[in-house]
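The structure under discussion appears below in the form of C-alpha cells.
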Amino acid sequence: MTSADASTLRLRPPRHAVDPRAVGLWALQLVLLAGVPAAILGVLGLLIEPARFWLLLPAVVIAVVGAVSALLFPRLWFRHHRWEVTDHAVYTRTGWLFQEWRIAPLSRIQTVDTVRGPLEQRFGLATLTVTTASAKGAVKIEGLDAETAADLAEALTFATQTTPEDAT
C-alpha cells in the first residue's frame with residue numbers, strides 16, 4: 001500500500017450527528033425506565049401501610065434519579081454520538097468517558113437493516129444496523145431520521161454489491 005492509499009483510508013472523526021429528535025426519544029426511554037418501577041413502588045407503598053416508608057423511599061429515589069438522568073444524559077449522548085459513511089467504510093463513535101469507534105469496511109458488510117420500534121416511530125426515527133462477520137457484533141447508528149436511515153440502507157446495499165471483497 002502506498003502512502004497515498006494510506007491517506008485515503010485514514011478515518012477522521014465522524015461528521016454526522018444523530019437527529020436532534022433522538023434527545024427526546026432517549027429522554028422518554030429514561031423516564032419510562034425509571035417511571036414504571038417508581039410508579040409500582042409508589043402504588044404498593046400507598047396500599048401496604050406497614051411497608052409504606054420502605055416502598056415510597058426507593059420510589060422517590062428512583063423517580064428523582066430517573067428525572068435527573070432524563071434531563072442530562074440524552075443531551076450528553078447527542079453531543080458524542082457521531083456516524084459517517086465513506087467510500088470505504090461505515091463507522092460510528094459513541095461514548096463520552098469511554099469512547100468506542102466501530103468501523104465496518106464496505107467489503108465486509110453482510111446485511112443492512114433498519115429498525116423502527118414504537119417510540120422511534122413516534123419520533124420519526126430509526127436505527128440502521130450494519131452487520132458484518134465481526135465477533136463484536138453489528139455497527140448500529142441509532143437516532144437517525146427514518147428517511148435518512150432508509151436512504152442509507154439503500155445506498156449501502158448498492159455500495160456493497162459493487163465493492164470487491166478483500167483478498168485477505
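We did not get these values from a lab; they are worked out from the coordinates using the rules stated. Remember, predicted model here, so these are calculated numbers, not experimental data. Please note: Cβ atoms are built from the backbone with ideal geometry, for glycine as well, and neighbour counts cover all protein chains shown.
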Practice task
Determine if the range 139-158 includes at least one residue that is under 15 Å from the mean Cα position of the chain (by Cα) and farther than 20 Å from Leu25 by Cβ.
Solution key: no
Exercise for the section: Please work out if Pro105 is within 24 Å of Thr157 (Cβ to Cβ) and over 15 Å from the mean Cα position of the chain (by Cα). Expected result: yes
Exercise for the section: Report, by residue number, each residue of the range 135-150 that is in contact with a strand residue (DSSP E or B) (Cβ under 9 Å, 6 or more places away or on another chain) and surrounded by fewer than 16 Cβ atoms within 10 Å (Cβ to Cβ). Expected result: Lys136, Gly137, Glu147, Ala150
Completion exercise
Scanning the range 89-115 residue by residue, those surrounded by 17 or more Cβ atoms within 10 Å (Cβ to Cβ) and in contact with a helix residue (DSSP H, G or I) (Cβ under 8 Å, 6 or more places away or on another chain) turn out to be Ala89, Val90, Arg93, Thr94, Leu106, Ile109, Val112, Thr114
Fill in the blank from the handout: When (1) out of contact with any Asp or Glu (no Cβ under 7 Å at 6 or more places or on another chain); (2) of a type outside the set (Asp, Glu); (3) surrounded by fewer than 18 Cβ atoms within 10 Å (Cβ to Cβ) are applied to Thr132, the one that fails is (3)
Handout entry: Identity of the residue in the range 73-88, of a type in the set (A, V, I, L, M, F, W, C) and more than 22 Å from Ala153 (Cβ to Cβ), that ends up surrounded by the most Cβ atoms within 10 Å (Cβ to Cβ)
Key = Trp77
Fill in the blank from the handout: Filtering strands (runs of 3 or more DSSP E) wholly in the range 21-125 for at least 1 residues that are over 23 Å from Glu147 (Cα atoms) and not polar (S, T, N, Q) gives 100-105
Practice task
Answer yes if at least one residue in the range 70-78 is of a type outside the set (A, V, I, L, M) and free of Cβ contacts under 8 Å to residues at least 12 places away in the same chain, and no otherwise.
Solution key: no
